[in-house]
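Taking it in order: structure first as structure tokens, then the write-up.
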Amino acid sequence: MSEKSVIEVLQEEVGQRADKLITEKITDLTRSAVQGLIEKGKITVSGKNISKNYKVKNGDIIEVEIPEPEILDVKAEAIPLDIVYEDNDLLVVNKPKGMVVHPAHGNYTGTLVNALMHHCKGSLSGINGVIRPGIVHRIDKNTSGLLIVAKNDVSHVKLSEQIKVHSFTREYEAIAVGSFKDTQGTIDAPIGRHHTDRKKMCVTEKNSKNAVTHYSVIKQYGGFAHLRLRLETGRTHQIRVHLSYIGHHILGDDVYGKAYKGLEGQCLHARKIGFIHPTTEKYIEFESDLPEYFESILRKIGKM
């Protein structure tokens, strides 16, 4: 099933190329992907096909039809899962660092979805299509920790609504670079797609969404800080972008900071998650222990 998005061109956007504007509005699409959709007639302006270099006019209504990704065979794989909780409606999984959540270009096997398809034997919600069955929310490949998987569409909708109104409890722990003067605080800064690197996000006022992260310092180690972070919103790469924005990138984050010898990716763990159960309507909460890679880094910086 294809997905449709409608964009109304504003006065300040007049004169921009349509392909550029669309990538700013629909951040999951790259510019080349948008141009491909234009060539296939999947993008129209006021009901008419456009060229790749079309420049938008005031009041233009852009309709974007995004086809279902052409991956028809996502295979179930017997990959071990660390399941924290499971019932007929959902399960809470403790994802290891290094595991991709769902198939995408370059990662069609070995993902959490491949493992879930084997474990649940087809009993997963279908709202997000064939490559993301059951996936209500995601965490990055090199972020470890808890996430929720929906087993049916009713549960998926109810859980997604809680995310939309920011009623989920989502707490992370991270090791950040630098010493914090304030032991707690709030980062309230909008996040949008980076204007030159489409794979990155950044703090920006342009084509962005509000983003709020609360943090507190658990312990400082002279040049490093062990943090607890609570998400009020859930934007792509939010914690990583926000900490980098205030000058304290996450240790090992080679996208928003720099690599750290002996550590693959950022030192970030989704420690706690809480939500209202879609059937019982009771609040439930789960917490996972810090993984060994995280504890090892704490021991190492504690000796510095």
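The values are calculated or read from the model by the stated rules, or taken from the named source; none is laboratory data. This one's a predicted model, so the numbers in the text were calculated from it and none came from an experiment. Counting neighbours? That spans all protein chains shown, and the Cβs are built from the backbone with ideal geometry, glycine included. Accessible surface is based on the protein model in full, side chains and every heavy atom, while ligands, DNA and RNA are left aside. Shrake-Rupley method; radii C 1.70, N 1.55, O 1.52, S 1.80 Å.
Quick notes on this one:
- Filtered residues of segment 35-55 (kept if open to solvent by 80 Å² or more (accessible area, probe 1.4 Å) and either in a strand (DSSP E or B) or at positive phi (or both)): Lys48, Asn49, Lys55
- Residue pairs meeting the criteria (Cβ under 8 Å; at least 6 apart or on separate chains; first over 13 Å from Leu112 (Cβ atoms), in segment 136-153; second hydroxyl-bearing (Ser, Thr, Tyr)): Ala150/Ser125; Lys151/Ser123; Lys151/Ser125; Asn152/Ser123; Asn152/Ser125; Asp153/Ser125
- Among the residues making up segment 115-172, those that are polar (S, T, N, Q) and over 21 Å from Phe286 (Cα atoms) are Ser123, Ser125, Asn128.
- Odd one out for Ser32, checked against (1) open to solvent by 20 Å² or more (accessible area, probe 1.4 Å); (2) touching a residue at least 24 places away in the same chain (Cβ under 8 Å): (2)
- Taken over segment 264-284, the criterion of being over 14 Å from Tyr172 (Cα atoms) and touching a residue at least 40 places away in the same chain (Cβ under 8 Å) is satisfied by Glu264, Gly265, Phe275, Ile276, His277, Pro278, Thr279, Ile284.
- Residues of segment 262-304 classified as open to solvent by less than 90 Å² (accessible area, probe 1.4 Å), not in a loop (DSSP other than H, G, I, E, B) and not acidic (Asp, Glu), total: 19
- One residue alone among Pro103, Pro96 is modelled with pLDDT under 90 and surrounded by 13 or more Cβ atoms within 10 Å (Cβ to Cβ), and that residue is Pro103.
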